[in-house]
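The values are calculated or read from the model by the stated rules, or taken from the named source; none is laboratory data. From a predicted model like this one, the values you see are computed outputs, not experimental measurements. A quick note on method: Cβ atoms are made from the backbone with ideal geometry, for glycine too, and the neighbour counts reach across all protein chains shown. The accessibility values were calculated without ligands, DNA or RNA, using every heavy atom of the protein model including side chains. Shrake-Rupley method; radii C 1.70, N 1.55, O 1.52, S 1.80 Å.
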Amino acid sequence: MSLEWLDQPLTTSCYAWRLERADGVTIGFVSHDRDLVIDNLRYRAAPGMVPSTIALSDSLEMDSVDIEGVMTSEAIAETDLIAGRWNGAQLHIYLVNWENPDDEPLHLISGEFGEITRSGDAFRVEMLGATSYLDEAIGPLTSPTCRARLGDRQCKVSLAAHQAEMKVSQIVGSQIQFADVQGYAADYVYGELRWLSGENCGLSFAIISGASDMIRLADQPTRPVSIGDSALFTAGCDKNFATCRDRFQNSINFRGEPYLPGNDLLTRYPGA
């Protein structure tokens, strides 16, 4: 396979988008007047989807692309955009030969969905290139609290022992009651709730407070929550050394410096 089709006298190229959501849903679009099958995935015809700008460079500047389009497919619905189902989605853009879709495509850019803005039926997506990761800190900074995330490879706590599936028993204002919590809602503060059924199925939300069998989410679901909806609870951690030591018995993997003097030491001198 080669890109010889680009050198033909007549142009037979079109743009192809492959979108992969975090939950595994994958869809494709082509800026052509009919559907194309590429690598066993049907790319739907969407002539209105046009990449406005594509900036590529071999320097350390961020590669980015702004995508403008029209909501022509039920796969990209307003409710899904608002609910955050497309946050962090992976996008690959190619030039393909619509006359023979099996020909080798010309890869243009790949990246992750950044900011998504909407106006009426139109949407605009900023895509972050690979060089955007260079903005992250190179090395860890000292801190009195833990820098790891509960259950990651630095923390090493098994999340399986700190997860539970429960069902909604009551909704009171901005709080949701789960009778199966049995008074231990506080154990899930700073943790995560992932809906397993209902209109919010597949979406995850951070838990900011909990008492008895009532919990409050950091962001309210955009779709209604109904009694009987199932959710997977994952315990949270306030990242303090005492919590790591006493609750999780994991002080050996604590990724912080609780006893290292900080800048506040200067404010205590001189003093009693």
Self-check item: Matching entry among Ala206, Ala161, Ala211 (being in contact (Cβ under 8 Å) with a residue 24 or more places away in the chain and under 28 Å from Asn250 (Cα atoms))
Solution: Ala211
Quiz item: Among the residues of the range 229-246, is any touching a Pro at 6+ places or on another chain (Cβ under 7 Å) and surrounded by 12 or more Cβ atoms within 10 Å (Cβ to Cβ)?
Solution: yes
Exercise. Report whether or not Arg44 is more than 15 Å from Asp102 (Cα to Cα) and surrounded by fewer than 17 Cβ atoms within 10 Å (Cβ to Cβ).
Key: no
Quiz item: Can you tell me which residues in the range 102-123 are at pLDDT below 70 and of a type outside the set (Gly, Ala, Ser)?
Solution: Arg118, Asp121, Phe123
Quiz prompt | Residue in the range 162-178 that is under 27 Å from Glu112 (Cβ atoms) and not in a strand (DSSP E or B) present | solution = no
Self-check item: Within the range 142-161, considering residues that are open to solvent by 70 Å² or more (accessible area, probe 1.4 Å) and outside any loop (DSSP other than H, G, I, E, B), the one farthest from Gly198 (Cα to Cα)
Solution: Ala161
Practice problem: Scan the range 191-209 and give yes if some residue there is open to solvent by 30 Å² or more (accessible area, probe 1.4 Å), closer than 24 Å to Cys146 by Cα and over 18 Å from the mean Cα position of the chain (by Cα), otherwise no. | Solution: yes
Quiz item: Mind checking whether some residue in the range 181-189 is assigned to a helix (DSSP H, G or I) and touching an Asp or Glu at 6+ places or on another chain (Cβ under 6 Å)?
Solution: yes
Exercise. Examine the range 54-76 for a residue that is of a type outside the set (A, V, I, L, M), at pLDDT 65 or above and closer than 28 Å to Gly202 by Cα, and state whether such a residue exists.
Key: no
Practice problem: Residues being in contact (Cβ under 8 Å) with a residue 24 or more places away in the chain, in contact with a helix residue (DSSP H, G or I) (Cβ under 8 Å, 6 or more places away or on another chain) and of a type outside the set (A, V, I, L, M): count how many of those fall in the range 233-246. | Solution: 6
Practice problem: Please identify the pairs in which a residue from the range 11-24 that is more than 19 Å from Ala46 (Cβ to Cβ) and in a loop (DSSP other than H, G, I, E, B) has its Cβ atom under 9 Å from the Cβ atom of a residue that is open to solvent by 60 Å² or more (accessible area, probe 1.4 Å) and at pLDDT 85 or above, counting only partners at least 6 apart or on another chain. | Solution: Ala22/Gln90
